[in-house]
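Please treat every number below as a calculation from the coordinates, not as lab data. None of these values were measured; they are calculated from a predicted model. Please note: Cβ atoms are built from the backbone with ideal geometry, for glycine as well, and neighbour counts cover all protein chains shown.
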């Protein structure tokens, strides 16, 4: 991991501008506009000629340099197949990765405008999204990404459950409840992933990561959670509800998808297992951030006994949702 990099708190505007100018050769205006990001630090910048850019500084310790390069490689493969996205700029070093003097890795992107995609009562939008995912997965099948997470019960789910328990984030007797529940979930969902094809996927494909650029079509953003996993991972976050209530939307996505890639319709049965895996993933993610000042400010009750009582209840309900799916 990139754990030897400098303190993220050192990223004040002058250091951001200095680092980007040094690596890119651009002459930037003093404007540094922070953009929303849960994990990384992302800023809109402008050069002296009015060109707009987005600089993404990767949180130290989250991804190895190899993993970040695999993200960029996947984006390049998508770009070569004419999939709309903002490709990282080639810097003076003829590389897509820059580095601050403190060792923090960053990438520079052209600024792309657009409005976030919104749900509408329109069958055609689901078909178009399915086509877009199918094209992206055609690129995803061209190579592998050994340094990225594997979305699988034996991969990310096992890792996240183990981390939650080993780091003693759960107070009182609730740790035993969580451990038993995690074991029950694992026993139930592991067989469902047997023989399921895995390849490079976006990993976090929800409506907040799709820009509608009107006449220019839909554009994919934020490949930061790119992973190896089943294709349906890039379906289910778009669905407006549980799998049992969203068969129509799923099969409209599938119709568009299958113009470019094959998927077994039985993949609908993986939606609720993937949902419970994401619930646990989010708990582990929050645990890693729990000592950050901004996290404690926004989530002061995270980790309390009442918090874990509610989380365990939600996981029990989701386990029942998986059992009830037909």
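Key figures for this structure:
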{"read-out": "Extension gain, residue 81 back to residue 159 (0.36 nm per residue minus Cα-Cα distance, nm)", "value": "24.7 nm"}
{"read-out": "Prolate/oblate/rounded call for segment 264-325, Cα gyration tensor, a/c under 1.5 rounded", "value": "oblate"}
{"read-out": "Convex hull per residue volume in Å³, alpha carbons only, for the chain", "value": "143 Å³"}
{"read-out": "If the convex hull is drawn through the Cα atoms of segment 4-109, its volume per residue in Å³", "value": "108 Å³"}
{"read-out": "Value at 222 nm in deg cm²/dmol, rounded to 500, when DSSP H runs of n ≥ 4 in the chain each add -39,500 (n - 2.57)", "value": "-13000 deg cm²/dmol"}
{"read-out": "Separation in nanometres of the label points that stand 7 Å from Cα toward Cβ, at residue 289 and residue 245", "value": "2.6 nm"}
{"read-out": "Neighbour-count ranking [beta-carbon atoms within 10 angstrom, fewest first] of 117, 63", "value": "117, 63"}
{"read-out": "Inter-probe distance in nm under a simple model that places probes 7 Å from Cα toward Cβ, at residue 12 and residue 64", "value": "3.5 nm"}
{"read-out": "Descending principal axes extents, segment 199-326, alpha-carbon based, whole Å", "value": "48, 38, 25"}
{"read-out": "Gain upon complete extension [residue 147, residue 197; 0.36 nm per residue less C-alpha separation]", "value": "16.2 nm"}
{"read-out": "Distance between modelled label sites at residue 264 and residue 47, nm, 7 Å Cα→Cβ extension", "value": "5.0 nm"}
{"read-out": "Residues 297, 228, sorted so that the one with the fewest Cβ neighbours within 10 Å comes first", "value": "297, 228"}
{"read-out": "Taking 192, 283 and counting other C-beta atoms within 10 Å, the order from fewest to most", "value": "192, 283"}
